[in-house]
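Each remark here refers to the structure printed beneath this line.
Just so it is clear, none of the values below were taken in a lab; they were calculated from the coordinates. Note that this is a predicted model, so its numbers are computed, not measured. Here the Cβ positions follow ideal geometry from the backbone for every residue, glycine too, while neighbour counts run over all protein chains shown.
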Amino acid sequence: MNLNLKKESLRKVNETLQSIDRKSNKKIFKISNPDGNHAICAGLKDEIEVTIDGHTGYYCAGMNMNANIIVNGNVGTGVAENMMSGTVHVKGNASQSAGATAHGGTLIIDGDTSSRCGISMKGIDIIVKGSVGHMSAFMAQSGNLVICGDAGDALGDSIYEANIFIKGKVKSLGADCEEKKMNKKDQNILRSLLKKASINESEIKNFKMYGSARKLYNLNIDNVSEY
């Protein structure tokens, strides 16, 4: 089913996708002429497939549950923000705060992301085939961030129990983030994530892993400058 944003309002398109008749066979949708509109595919909750043919604005696929969403273009701030489950695949680049506060699901970005990718992530898996900007995985609580390119300043600042896997260079680490030794369990997690993004599993050997040094969990006067 084709949904044309030149002919229908964004509200109408989103309402159509949010109100799926579960007895219907209509499970595959295409959105044409997105033209940078904000909040396209926000709040979807059914197991449907949606392809957005073009660039989108802020908060594309926010609060997604179950849906498989493909964006054939670039996305603005907060793609897949607060996502619970499902998959969002961006074929271009993403602006800041990609996957922010997301609790689950998978976000794949074929290009680069801007600052704060994975900020306060709470269980999502994010795979970025390019590079990420500064403060990525800031206060990341759980989940995994895979970066095939480089990372900007303050990677993993104030990180909790999320994992960061990176192939490229790190400009600097944030407070309480340190390199970790990758064990077999970690390698299996990374292997699974690379497979999801159709990346050769042999690349595992080129990745390093970072996580929390756990020095900021409790107030320590010796570390007060880091808070």
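Table for the structure above
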{"read-out": "Subset tally (residues that are in contact with a strand residue (DSSP E or B) (Cβ under 7 Å, 6 or more places away or on another chain), of a type outside the set (Gly, Ala, Ser), within 19 Å of Gln18 (Cβ to Cβ) and outside any strand (DSSP E or B)) for region 69-102", "value": "2"}
{"read-out": "Selection within region 27-47 - over 24 Å from Lys122 (Cβ atoms), in contact with a strand residue (DSSP E or B) (Cβ under 8 Å, 6 or more places away or on another chain) and either of a type in the set (A, V, I, L, M) or buried (at least 19 other Cβ atoms within 10 Å of the Cβ) (or both)", "value": "Ile28, Phe29, Ile31, Pro34"}
{"read-out": "Any hit, region 70-84, residues being among the polar types (S, T, N, Q) and under 20 Å from Val13 (Cα atoms)", "value": "yes"}
{"read-out": "Search result, residues across region 59-72 that are out of contact with any Asp or Glu (no Cβ under 6 Å at 6 or more places or on another chain) and on the phi > 0 side of the Ramachandran plot", "value": "Ala61, Met63"}
{"read-out": "Pick from region 145-199, criterion part of a loop (DSSP other than H, G, I, E, B) and hydrophobic (A, V, I, L, M, F, W, C), ranking: surrounded by the most Cβ atoms within 10 Å (Cβ to Cβ)", "value": "Ile159"}
{"read-out": "Flag if Ser120 is under 12 Å from the mean Cα position of the chain (by Cα), polar (S, T, N, Q), assigned to a loop (DSSP other than H, G, I, E, B) and closer than 24 Å to Lys27 by Cβ", "value": "no"}
{"read-out": "Answer residue from region 75-124, given it is among the aliphatic types (A, V, I, L, M) and touching a Gly at 6+ places or on another chain (Cβ under 6 Å) and is surrounded by the most Cβ atoms within 10 Å (Cβ to Cβ) among those", "value": "Ala80"}
{"read-out": "Any pair with Cβ under 6 angstrom, 6 or more apart, that starts in region 88-99 at a residue that is free of Cβ contacts under 8 Å to residues at least 60 places away in the same chain and of a type in the set (Val, Ile, Thr) and ends at one that is assigned to a strand (DSSP E or B) and crowded, with 20+ Cβ neighbours inside 10 Å", "value": "Val88/Ile69; Val88/Leu107; Val90/Val71; Val90/Val75; Val90/Ile109"}
